[in-house]
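Heads up: the structure comes next, in structure tokens.
The values are calculated or read from the model by the stated rules, or taken from the named source; none is laboratory data. As the structure is a prediction and not an experimental result, all values here were calculated from the model. No Cβ is skipped: glycine too gets one built from the backbone with ideal geometry, and neighbour counts run over all protein chains shown.
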Amino acid sequence: MSRVLISAAHKSSGKTTISIGLCAALQQRGYQLQPYKKGPDYIDPLWLTKASHRPCFNLDFNTQSTDEIDALWNRFEDADIRFIEGNKGLFDGVDPHGSDCNAALAKQLDVPVILVVDVQGITRGVAPLVLGYQQFDPDINILGVILSKVASDRHERKLRAALEEYTNLPVLGAVHRHPDLFIDERHLGLVPSNEYEFSANKIDMLRQHIERQVDVDALIRLLDISSTSPKPGPVNKADLDLRIGIAQDSAFGFYYQDDLQAFEQAGAELVPIDLTRDEVLPEVDGLFIGGGFPEMHMQALSANQVMRERISEAVDNNLPVYAECGGLMYLCRQIAFQGKTLPMTGALPADVVMHDHPQGRGYVKLKETAQHPWVKEPGRVVPAHEFHHSSLENISDELEYAYEVVRGQGIGNSKDGIVYKNTLASYSHLRDAASKHWVMEFIEFIKACKNRV
């Protein structure tokens, strides 16, 4: 089975659009491609999932052990190629010694690297840059280079000549600057594909540009990709005896694929709900509202008064609810954004205010308190992550919290995870892993609540 990691010299190099285009090109050629994304990102995996026609999984040193990363990496024997899109630069990470960087992942999984190089303002200087990346860690197998943001044909010729003269790496492509290669961005990165009305057309456009400017056939030969893998077999699932509603629409779409699979493998049917359009809350035993951009869709969310009232009633009637970040915002009284303030569900006594700069960003550590509704033995410290431009104001003093924030921001005052009746709403995003199998904890809590009725 072939494998590759697409990394870059630094972030914002055009790596994601190149990765999306490559995934689409390989998928159209008939290859079974299993995509992965390094780090805790939700948005890029949505695009990679759509481009490859297979769910994209995250590989993250912060929330997974090395054994868990290995197990997830080796799970998909039906793929012709396992394809990782890196994050940031090849050697960038939280640890100054590099234990959590892309290069560390490449070494752990024995994956060769294709290096994307942003060449804006560079000609001959591309050679020492690439040589430096090769020599910094000789254990990293850099197979080739894709030049990104090339200004012109003349610029491309100079770059190719320099790399041919001074390095032994093939130039697999030179992607020129073009407006078609840009996907709109906002404060957390690219606009998610679940919001992008013409995402399929955009992916096809990226594929066409990549196929014209990257030698995809040379990449296939270099990686020795062949269509000999077995077809995917059935996923083992327990008998489904719980129904859990899950918000999946243009406003909410930040979920980890292996977390969703964990629900089904534990016997829970996930029932999609569109909070912007649906007026009926289906019969469910619990509710999961993940992250997203409710502020960008607050007009539609607010206009759907019937659903807002249904959700508020469900919370007051002790339906088990788990909400992360965007879900927390939706459960509050109102959202203020760009001069407008619109009502949300009002299930939680707090108001949301959007800001121009992040109010919480990066990896966090949470210490579980005795108020946590799912946890039987408080005091455990679990890893998570947050990235939010909003904060809560006018918070009721009577609220209890599930977490003491050891590292990070959370809701503020070293607290996160509002607990109200059977609802837990947090700015932090959890990952179902050995450090905290939160999916099973939530399911067991739902069952306990159901038995009490």
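Can you report the number of residues in segment 264-298 which are touching a Lys or Arg at 6+ places or on another chain (Cβ under 8 Å) and part of a helix (DSSP H, G or I)?
Final tally of qualifying residues: 4.
Looking at (1) touching a helix residue (DSSP H, G or I) at 6+ places or on another chain (Cβ under 9 Å); (2) at pLDDT 95 or above, find the lone condition where ALA71 falls short.
Only one criterion in (1) touching a helix residue (DSSP H, G or I) at 6+ places or on another chain (Cβ under 9 Å); (2) at pLDDT 95 or above is unmet by ALA71, namely (1).
Tally the residues that are part of a loop (DSSP other than H, G, I, E, B) and more than 26 Å from ARG333 (Cα to Cα), restricting the search to segment 414-453.
Looking only at that region, the number is 6.
Quick check, is HIS372 over 22 Å from PHE61 (Cβ atoms) and in contact with a Phe, Trp or Tyr (Cβ under 8 Å, 6 or more places away or on another chain)? Working first, answer last.
Working: over 22 Å from PHE61 (Cβ atoms): yes; in contact with a Phe, Trp or Tyr (Cβ under 8 Å, 6 or more places away or on another chain): yes.
Yes; evaluated as a whole, the condition is true for this residue.
So LEU159 passes all but one of these: (1) closer than 24 Å to GLU211 by Cβ; (2) without any contact (Cβ under 8 Å) to a residue 40 or more places away in the chain; (3) in a helix (DSSP H, G or I); (4) not basic (Lys, Arg). Which condition number does it fail?
Going through the list (1) closer than 24 Å to GLU211 by Cβ; (2) without any contact (Cβ under 8 Å) to a residue 40 or more places away in the chain; (3) in a helix (DSSP H, G or I); (4) not basic (Lys, Arg), LEU159 breaks only (2).
Please verify whether SER13 is outside any strand (DSSP E or B), in contact with a Ser or Thr (Cβ under 6 Å, 6 or more places away or on another chain) and touching a residue at least 60 places away in the same chain (Cβ under 8 Å), treating the condition exactly as stated.
Working: outside any strand (DSSP E or B): yes; in contact with a Ser or Thr (Cβ under 6 Å, 6 or more places away or on another chain): yes; touching a residue at least 60 places away in the same chain (Cβ under 8 Å): yes.
So SER13 passes the test.
Can you tell me which of GLN299, GLN248, GLN305 is in contact with a strand residue (DSSP E or B) (Cβ under 8 Å, 6 or more places away or on another chain), surrounded by fewer than 16 Cβ atoms within 10 Å (Cβ to Cβ) and within 30 Å of HIS355 (Cβ to Cβ)?
GLN299
Before we move on, is VAL352 in a helix (DSSP H, G or I), surrounded by 22 or more Cβ atoms within 10 Å (Cβ to Cβ) and either touching a residue at least 60 places away in the same chain (Cβ under 8 Å) or in the same structural domain as LEU301 (by TED's automatic domain parsing) (or both)?
Answer is no for this residue.
Would you be able to tell me the number of residues in segment 299-343 that are part of a helix (DSSP H, G or I) and closer than 21 Å to ILE244 by Cα?
Residues flagged as part of a helix (DSSP H, G or I) and closer than 21 Å to ILE244 by Cα within segment 299-343 amount to 18.
What's the total number of residues in segment 5-16 that are crowded, with 24+ Cβ neighbours inside 10 Å and in contact with a Leu (Cβ under 9 Å, 6 or more places away or on another chain)? Before the answer, list the steps.
First, pick out the residues of segment 5-16 that are crowded, with 24+ Cβ neighbours inside 10 Å: 5, 7-8, 15-16.
Those still in the list that are in contact with a Leu (Cβ under 9 Å, 6 or more places away or on another chain) too: 5, 7-8, 16.
So the count comes out to 4.
State all residues of segment 74-88 that are modelled with pLDDT under 95 and touching a strand residue (DSSP E or B) at 6+ places or on another chain (Cβ under 6 Å); if no residue qualifies, say none.
Across segment 74-88, the qualifying residues are PHE76, ALA79, ASN87.
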